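Here, each number is a calculation from the coordinates, and none is a lab measurement. Since this is a predicted model, take the numbers as computed values, not measurements. When we count neighbours, we look across all protein chains shown, and the Cβ atoms used for this are built from the backbone with ideal geometry, even at glycine.
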Amino acid sequence: MKKNRTALIIALILVVIAIVVIISKSGNSTFKKSDMAFAVKDTASVTKIFLADKKNRSILLERMPDGEWRFNKEYKVRPSGVKMILETVNKLVPKAPVPISAHNNIIAQMAAASVKVEIYQMVYRINLFDKIKLFPHEKLTKTYYVGSATADNMGTFMLMEGSDYPFIVHMLGFRGFVGPRYSVYAKDWRDHTVFNTKLADIKSVIIEIPKEPENSFRVDAIGDDFKLTRLVDGSVVNGYDTLKLLNFMTAFADLRFESLMDEYVEPRKKDSIIHSTPYNIITLIDMQGDTSQAITFARPNEKQAMDTQGNMYVSDVDRLYALVNDKRDFVMLQFFVFDRVIRPLSYFEIREAINY
């Protein structure tokens, strides 16, 4: 009798366990954890991020051995862009699965227009409690698709590769949708640096003003002093304003262009501009002998701005066109930024007072 009772109790327990398992499986467990694991916890281990859309546009962001990020193996990534994408992949949180009623529609939309995201990380073949890490290697750890924004613009549709269930995803601490953060356009990732050389690393600076050759000059660092030379005849300028020249030289530590212009200026107009007489040519040679250069060109006064006397300016007084990065990039510069280095020789010369 006792044995039968024990057997009955055990059978009932097994039945209850089976019912619990069935109920749990028939509920929300349709979704696996991997279906919604969009976030990357350890962004320090991320080595590559590959982005591609349905129109064959793609961006490959890579962390170099020195810690610098480059994209498409050629250009520097702007630091704020790196910070943004790593912060985004770290803080993704699924809010809810896409409603059944909208499932097929969202899947169709993502099949037509979405960005594929591949994230590569440095992982270890042996990792004991994050204390003993052996045999590091790069591995593709996540692949997912980023679709459009939700109707309220407060979430983004995302789908893990291999999953049938898209999710509405948002980013912790951010109001809005994250789709634009996964841009496949080069202009959104390019570092805008033109000159980034500290005073101690500058060997020479040459300023050529084709329309005013008498104002073209060269500055050479000689120990803790400078040598200022006229380009027109090679003569040395002995009387110059030391503070003005020091401010000029220190300005090369951080000069950036405003925007890439290749997409906005038609080829014929661009060709006409770059074959015109430059406004000036700025050349910097560092202590290692590496050269950076900006060839600038005046912009038309399209806004028809006037001076205080009502006279129309000949050209734009706010911005310049320029060729930078070994003439590969056609960009826009702001006078507000570059005024510190767009200086004629006469700006530095000390004129003796005339006694009457």
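A few points about this structure:
- The residues 119, 100, 106, when put in order of fewest to most other Cβ atoms within 10 Å, stand as 100, 106, 119.
- Working note: Cα atoms of the chain, range along each principal axis, descending, whole Å: 132, 50, 35.
- Taking amide H as placed 1.01 Å from N in the peptide plane, residue 54 has its amide H under 5 Å from the amide H of 114, each at least 5 places away in sequence or on another chain.
- Neighbour counts of C-beta atoms inside 10 Å place 235, 259 in the sequence 235, 259, starting with the fewest.
- Percentage relative contact order, the chain, counting C-alpha pairs under 8 Å, at least six apart: 13
- Cβ-to-Cβ counts within 10 Å put 45, 58, 114 in ascending order as 58, 45, 114, the fewest first.
- Shape summary of the stretch 32-188, radius of gyration then Dmax from alpha carbon positions: 16.0, 49 Å.
- Cα gyration tensor shape of the stretch 143-192, rounded if a/c is under 1.5, else prolate or oblate by comparing a/b with b/c: oblate
- The phi-based Karplus calculation (6.51 cos²θ - 1.76 cosθ + 1.60; θ = phi - 60°) puts the 3J(HN,Hα) values of the stretch 219-226 at 10, 10, 7, 10, x, 8, 10, 10 Hz, whole numbers, x for Gly and Pro.
- Three-way shape label, the stretch 193-347, alpha-carbon gyration tensor, a/c 1.5: prolate
- P(r) tail fraction, the stretch 215-258 - alpha-carbon pairs more than 16 Å apart, %: 44
- 222 nm mean residue ellipticity, helices alone, for the chain (DSSP H n ≥ 4; -39,500 (n - 2.57); rounded to 500): -6000 deg cm²/dmol
- Over the stretch 32-188, relative contact order from alpha-carbon pairs under 8 Å, at least 6 apart, %: 27
- FRET E, pair residue 277, residue 336, Förster distance 22 Å, beta-carbon r, rounded to 0.05: 0.40
- Anisotropy class of the stretch 113-225 from Cα gyration tensor, a/c 1.5 cut: oblate
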